[in-house]
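A quick write-up on the structure given underneath.
Bear in mind that the values in this text are calculations on the coordinates, not laboratory data. The structure displayed is predicted, hence computed values, not measured ones. Note that each Cβ is placed from the backbone with ideal geometry, even for glycine, and that neighbours are counted across all protein chains shown.
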Amino acid sequence: MRDGVELRLLGQLEVCGPGGPITLGAAKERLLLAVLAVDRGRSVSRDRLIDELYGDQQPRSGVNAVQNYVLRLRRALGATAGLRISTVPGGYRLEAAADRVDADRAERLVAEGRAAAVSGDHDGAATALRSAIGLWRGPALCEFAERPFAEAEARRLDELCESAREDLVDLELAGGGHRRLCGELRAMVAQAPLRERRWAQLMLALHRDGRQADALEAFHACRATLAAELGIAPGPALNELHARILRHDPVLRAEPGPRGRPAGVARFVGRDSELRRLLDRVDTAAAGCGGLATIVGEPGIGKTRLLREFSEAAARRGATVLRGRCLEGEWQPAFHAFAEAVTGHFGTLSGERAGSAAGPFGEPLARLSPELAVRLGTPDAASRARRQPDEERMWLIDGVARFVGGLADHAPVVLALDDLHWADASTLVLLRHLARVVADRRVLIVAAYRADEIGPGLLDVLGAVRTDLDVSSVRLRGLDLPALSAVLDDVAAAPVSAELSSAILTETRGNPFFAREVVRHLAEEGALHAAVDGSLRTDTFPGVVPDGVRQVLARRRARLSTSCASFLAHAAAFDGPFPFAPVVAAAGLGEAAGLAAVDAVLAAGLVEPAAAPERYQFCHTLIRHAVLAEVNPSRRLRMRRRLAEALAAARSGSSDVTAAEVAAQYHAGRDLPGAEAGVGAALEAAERADAAAAHDETATFLAMAVDLVPAGDERAPALVARLGAAQAWAGRFDDAVNTAARAADLLASTDGPERAAAYLATVTSALASADGAPHAWRLAAQGLRFAAPRRDHVWASLMVHELDRREAEDPDSPGTTMDVPERREALRILLADGVTGRPDLARLAVPATYRRRDLIPDEVADDPIVRLLVLGDIAVALPLLTDAAEAARERGQIALRSYYLTLAARAQIALGDLAGGRATLAGARAVGGADRRGWGWQRIHDIGTLDALAHATDVGWTDVLTQLDEAYGAGNKAGHRLEASAIACGAKAAARLGRIDDALRRYRAVLPAIERAPAWAMNYLRTLCDAVETLWIVHGPGRSGHPDLPVLEEALLRKALAADFRFPMMDARLALGRVCALDGRYDEAMRWFAEAGTVLAEQGARPLRAITDLDASRVAARAGDPRSARELRGAAEHTFAALGMIGWTRRAARAPDRAPLSS
C-alpha cells in the first residue's frame, strides 16, 4: 500500500489507508461517497445529492444532513494529497488523482497493455493486463450497481475487465499457451456465452490442441446459443475461423514468434505506420474533432485487412465501431453499407433494448432494411405516413445521420465503410449528408476504395465533404520485403527463401493478394521444394501478374471436380454474397454434392463464409471475375436464367433471397425467351427501394421491369410512366424527359390525352422540385398539347412551366416575372386549388390574384409566407413560421422545415434580433444540409437571409456578392428568368463595398425589369428598393440630376405604393424619400422618411427604422437643419448600439451634422 488513502471502486466501495480499510459510517455516507466517486472531477449539486440519498422522502434537514456526511468523509480521507472533497457553488466535487482511484489505475494499465501489444512488447503487455485485472475484487460498485447513478459506470468498468481478460488470452494464445487455456476459456464462455470473441478463442485453443472435433462442436454450440438468445447468426470473424479450421489453414498453427494477434487471423504485417495514423485520427475524434480518413489502393493491396485491424483496435480503445461494405452490381440494396453497419450495431441488443437505443430515429432506421424493421418493431409500409419523394429521402437520410451522430454522445464513433468505389447513389447521398451532420461531433468516417475505379459520384462527394470535415488519406503501396516474406511464410506454412521472396516482390510489386496467389500456384503445381536450410525454393518462376493471376486462378479451378467447377461458375454470377441452396440448384447438384463442393472451394481458399447464414462470398473480387471470364457468353446467359428460376423458387419458400437478386438475374438473361417472368420481382424490388426513398435504385429496378416487359404488353404504358417519374426524383433529368415523353405518348394512345397531360404535369412538378426546372420546361409544351382546351389545375401547372421557359429563353427578358393573361389565369387556378407543399407559389399567386395588399382576404393572409413576404406583417409571421417549421419536423419534411426556418431567421433579423437570426439560419442550414452550391429555392432564400443580415449590420457584403455571383452565374438558364432581383442586390452590395463602377453596371441592367414588370412580380419591391439604394450609396442627397430618377419615382408611386406589398428590410416609402433627396427635394424627402418611420414602427422593423433615421439625418443636415439631424442621428445610433448593428454604428460615427454623410 502506498502512503496516503486510496479509493476503491472495483468491487465493494472501500477507502483504504496505509493500515488497511478505513471504516465508513452510515449507509448514506457510503452512498454519498459513491455518487461523488462516479462523477469524480465534476461538480455534483446538493439537490442531486439529496435526491440520491432520500428519493421522494426528503427531510427538511436534507441540506444539513449532506453537510454532516461530507464532514465525516473529509475526516476519513484525512489530508491526503490527491484525494479530497471540495466545496463548489451549490454542491461538492471529489478531486481524485488517477493514482488514488483503483478504477483509474486499471484503465491506465489496460491502455498501456494494449499499446505494448501493438508495438510488439507482448511480455510487457501481458504484465500490464494481469496487473489491471488483478485490481478487480468483484463487480464494480457492486452494492450500488443497480442504482441509476452508478449503473452505466459499473457496466463500463466491468466491460473493461472482461475485454482485458480477452486481450490477455490473445497474447497467451500467441505465445503457445493453448493447452492450458482450454479449461479457462470454457469457464469464460459459460460466464458470458454471448461474447463471440471468447468462442473464437476457445475454438482456436482446441484446434491447436489437436481437438478439431471439439473446436467445431464449440462453433455449433455458439451458433445455437446466439440463435436461441438473440435470433442472430455468428459474425464474419467466427465464420471465417470456422472455415479455416475446416480446411486446416496453416495460419492457425501454434508457433512462437509474432504474438498478440487476434485469434484465427493471419499475421498483420507491414502496415504499422498506416494503422498508427488511423488510430491517431480516433484520438483526435475522441477529443471532439472528427473527420474523414480514406484508405486508397489498387485491388489486393490490403485495404480491407487494414480497415478490419483498425476497426478492432478502435473498438479496444473504447470507440463505438459501425462497419459496412458496399457491394458490386446494380442490384445491390439501397444504403447497403449503412444498413449493414447499423444492423451490426443492433445485432447484439435485444428487441426491447434495440428499440430504446434507436430513440426517435427508429422509423427511418427501419427503412434501411427489412431485418432492421423487424428488430426495431416499426410499423409496416402500409401504415407509414407518406411524404413527397424528395421529403421522404431527406427525412430518411437525416434520421440515419442524426442517429450516428447521437451515438457520439456516449463514446467516439468510427464508421468504417469498405469498397466505397461500389457505393450506390443513395449511400453517397447519405454519406454527404452525414458529413454535414457530424461535422462537430466525435465521429470518424473511414472509407476504403480503389482509386482507379472511383466514379464521378464518389469523386463529387469526396470533394464536397472537405467543406465540412477534416479529410486525410492513407495510400497503400506494396509491402516491403520483410513484410511480404512474413505473408509468404504464412501461406506456404514454411519459410520461403529470400531469393524466392525477392523474385515474388519484383513480380507482384509487393501486392499481398497477388503474392499469395503466386505461392499457392507454385505449391499446387509442385514447383516448391525445401532447400538444405529448410526454406522453400523453386527452379522456375513464371510471370503471373496482373493478367496472369486470372490464368493461375483458372488453372486452380480446372483442378477442381466438375461439380465444384459448376458450383463456382454459378456462384460467380453474383456480385455479392451468394446463397448456397439456389446456387446448388442452378448448378444441378444435390445437397450432398453441393456441400462437398463448398468444402472443396473453402479448402482451396477461393470462397469464404459471408456474414449472413447459408451465404458465401469470394475471397477477392478478382477471383470472381477470373472465374466468370472463363464462362462463354451463351453459357453465361443460360446460367443466369437458371439462377433466376432457382432464386425465384427459393423466395417462394420464405428464403432470405431478395427480389432484387431475382430481378438482376432475369435482367442479365433477358435475351432468352420468358424473361417477363422477372417483371414481378423487379417491381417488388422497386417498391422496396421506394419505401427507403432510394430514388436511384427505384429507377434502376423500374428500368429492369420495362426491359423485361414484352413488346405490346398492356403493362408497358404504366411501367414507362412510373420510370419517368422515378428518374425525375433520382436526378436523372435527361433520362426522365425522354422516358416521360415516351410514356405520355403511350398513355395518350391507351388512356387518352387527359391522362397523358395529368402525367406530364406530375413529372414537370417533380423535375422542378428536384431543381430540374429547365428539363421540366422541355415537357410542358407536349403536356399543353394534350391538355388543350381545358383550363384546370393540370393546364395551370403546365402553363406556369411553359411561361417560365419562354422568359428564360427570351434574350430580351428583363429577368423577372412578366404580366401575361395566361400566367394570371394559371396562378388564379392554382391558388384556388391550394398551394400546400409549394410555399413559394403562394407568394406569387396571392399578389397576382388580388393585386393590392388591402384586398387580400384573411383566410389567405394567414399563410406564413404571405404574411412575411407579401404583407410584411413580420411580428405576426414569425410565430407562424416557427409553428410551420415544427409541423414540418413532425411530418419528417426536412427540406420544408429548413425553408421555414430560413424565413424565420429573416423575420428575426428584420425585427432586430440579430443573434437569434444568425442562430436560426445556422439551424436551418444544419437541418436542410444546404450545400450552398448550385441554384435552387433553398439556396436562394439562404442568400436572401444573408443579404438581410448584411443590410442590418453593414457587415458581410463580400459574402453576399460572392454567393449571388455563384448562384446566378453564366449558364444558369433557370436563374435567368428571376435574375433581376439578384442583380439589384449585387449592385447594392458592390456599392457598399465601394466598387462603384461594378455597382452602376449592375444597376443599369435592372432598369428594364423595373419599367416592365408588374408590382406583383416576385421580388419586384426588393428589386426596386435595391436599385434606389445603389444610387443613394453612390450619390447621396443633393441635386444629382440623375436621368433615371423619374423612372424610379414613377415605379414607386404607380406600382409599389399603389399595391403596397411589403418585404423584410425593404420599404417603398423609404426608397421614395431617397429618390426625392437625390433630386434635391428635401422637404418632400423628409415627409416620406416620416411615413416610412411610422410604417416600420408598426411592423416592429427596428433595424430599418434606425437606418431610415440615419438617412433622414443626412437630408436634414443637407437642408440646413442641424438640430433635427442630431436628434435623428442620435436615435439611430441608440438603436444601432442596442441591436449590435456594428457597421452602422461606425458609419453614424463618421457623420457630420451639416455636410453629406459618407456612404
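Things worth noting here:
- Principal-axis analysis of the Cα atoms of the chain puts helix 1102-1118 at an angle of about 40° to the longest axis.
- Space enclosed by the convex hull of the alpha-carbon atoms of the stretch 632-709, per residue, Å³: 81
- Axis angle, to the nearest 10 degrees, between helix 122-133 and the longest C-alpha principal axis of the chain: 70 degrees.
- Net length gained if the chain between GLU966 and SER502 were fully extended (0.36 nm per residue, minus Cα distance): 161.5 nm
- For trypsin sites (Lys or Arg not before Pro), the sites in the stretch 29-115 that DSSP calls loop and that have at most 10 other Cβ atoms within 10 Å are ARG60.
- Pairwise FRET efficiency - ARG180 versus ASP599, Cβ, R0 = 51 Å, nearest 0.05: 0.95
- For VAL1028, VAL44, order by how many other beta-carbon atoms lie within 10 Å, fewest first: VAL44, VAL1028
- Applying both filters, DSSP loop and at most 15 other Cβ atoms within 10 Å, to the trypsin sites (Lys or Arg not before Pro) of the stretch 415-502 gives ARG466, ARG477.
- Karplus 3J(HN,Hα) series, Hz, for the stretch 717-725 with 6.51 cos²θ - 1.76 cosθ + 1.60 (x for Gly, Pro): x, 5, 5, 5, 5, 4, 5, x, 5
- Amide H within-cut-off set for VAL321, under 5 Å, with H built and near neighbours excluded: VAL414
- When the helices of the chain are scored as -39500 (n - 2.57) per DSSP H run of n ≥ 4 and the total is divided over every residue, the value at 222 nm lands at -19500 deg cm²/dmol.
- Shape class for the stretch 551-648: rounded, because the ratio a/c of the largest to smallest gyration tensor axis (alpha-carbon atoms, square roots of eigenvalues) is under 1.5.
- Size-normalised alpha-carbon gyration radius of the chain, reference 2.2 N^0.38 Å: 1.13
- Given charges at beta-carbon only (K, R positive; D, E negative), |dipole| of the chain in Debye: 1680
- Residues within the reach of a label modelled at GLU1011 (point 7 angstrom out along Cα to beta-carbon, backbone nitrogen below 20 Å), restricted to the stretch 976-995, are 977-985, 987.
- With eigenvalues of the C-alpha gyration tensor scaled by 5 and rooted, the stretch 272-475, Å: 26, 20, 16
- FRET efficiency for ALA629 and ALA523, using Cβ-Cβ distance with R0 set to 30 Å, rounded to 0.05: 0.80
- Loop trypsin sites (Lys or Arg not before Pro), the stretch 703-751 (other Cβ atoms within 10 Å of the site Cβ: 15 or fewer; DSSP): ARG715
- Amide hydrogen neighbours beyond the local backbone of ASP913, cut-off 5 Å, H modeled: none
- Ratio of Rg to Rh for the stretch 596-742: 1.03 [Cα atoms; Kirkwood radius as inverse mean 1/r over pairs].
- Computed log10 I(q)/I(0) for the stretch 481-545 at 0.15 Å⁻¹: -0.36, from the Debye equation with unit scatterers placed on every C-alpha and solvent omitted.
- Rounded if a/c under 1.5, otherwise prolate or oblate - the stretch 775-827, Cα gyration tensor axes: oblate
- Note on the chain: antiparallel DSSP beta bridges, both residues inside, total approximately 50 percent of the bridges counted.
- Cα gyration tensor shape of the stretch 729-831, rounded if a/c is under 1.5, else prolate or oblate by comparing a/b with b/c: oblate
- Helix 212-230 vs. the chain, principal-axis angle (Cα, 0 to 90°, nearest 10): 30
- Diffusion constant of the stretch 1-153 at 20 °C, which comes from Stokes-Einstein with the Kirkwood Cα-pair radius and 1.002 mPa s, µm²/s: 129
- Exposed GluC sites (Glu not before Pro) absent - longest run of the chain, DSSP non-H/G/I/E/B, at most 12 other C-beta within 10 Å: 147-713
- Virtual spin-label span in nm between LYS28 and HIS248, 7 Å along Cα→Cβ: 7.2
- Taking a Cβ cut-off of under 9 Å around ALA581, the surrounding Lys, Arg, Asp and Glu residues balance to a net charge of -2, with basic ones at +1 and acidic ones at -1.
- Principal axis box of the stretch 99-168, alpha-carbon based, largest edge first, Å: 41, 24, 16
- Sequence of THR1135, THR506, THR1023 once ranked by neighbouring C-beta atoms within 10 Å, starting from the fewest: THR506, THR1135, THR1023
- 3J(HN,Hα) from dihedral phi, the stretch 867-872, Karplus parametrisation 6.51/-1.76/1.60, rounded to Hz, x for glycine, proline: 4, 7, 9, 10, 8, x
- Each semi-axis of the equivalent ellipsoid for the stretch 1067-1159 is √(5λ) with λ an eigenvalue of the Cα gyration tensor; in descending order they amount to 18, 17, 10 Å.
- Residue exposure sequence - SER473, SER163, SER765, SER981 - by fewest surrounding Cβ within 10 Å: SER473, SER163, SER765, SER981
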